[in-house]
Amino acid sequence: QGQLVESGGGLVQPGGSLRLSCAASGSSAGITVMGWYRQAPGKQRESVAIMTTFGNINYADSVKGRFTMSRDNAKNTFYLQMNDLKPEDAGVYYCTVGRGKAGGTSYLWGPGTQVTVSS
């Protein structure tokens, strides 16, 4: 079965940058969407950036102009470049891929990587 693993999280000061990676193993067949979500303490999980396989990207309003999502199909990896990080950006970041199937889309999630923004 396929798996996702995030990397690149860590501690950064406000205004700093991090690049998160999501490495996928297994078959990429049927993937129609990939994305990044985050969950801050005491808050629900929220979408950060969602990309279709055609390259269309939807960013959360809170990260527009600061975060950039990209992918490398040959490496089965996609990324989230995070610039000008703010304390509000802290949380566990999860990557996901969705596969279109009859009746809807099935999602696979990584275990998450911690992002801490603190001075």
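Computed from the coordinates by the stated procedures, all read-outs in this text should not be read as laboratory data. Computed from a predicted structure; not experimentally measured. Cβ coordinates were reconstructed from backbone atoms using ideal geometry, including for glycine residues, and neighbour counts include every protein chain displayed.
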If r is the Cβ-Cβ distance from Ser25 to Thr52 and R0 is 25 Å, what FRET efficiency results, to the nearest 0.05? 0.75
For region 52-119, average projected area of the Cα convex hull in nm²: 5.9 nm²
Assigned charges on the beta-carbon of Lys, Arg, Asp, Glu; the chain dipole about Cα centre (debye): 200 debye
Please state the Cα pair-distance histogram of region 1-99 with 10 angstrom bins from zero: what percent is in each bin? 15, 51, 28, 5
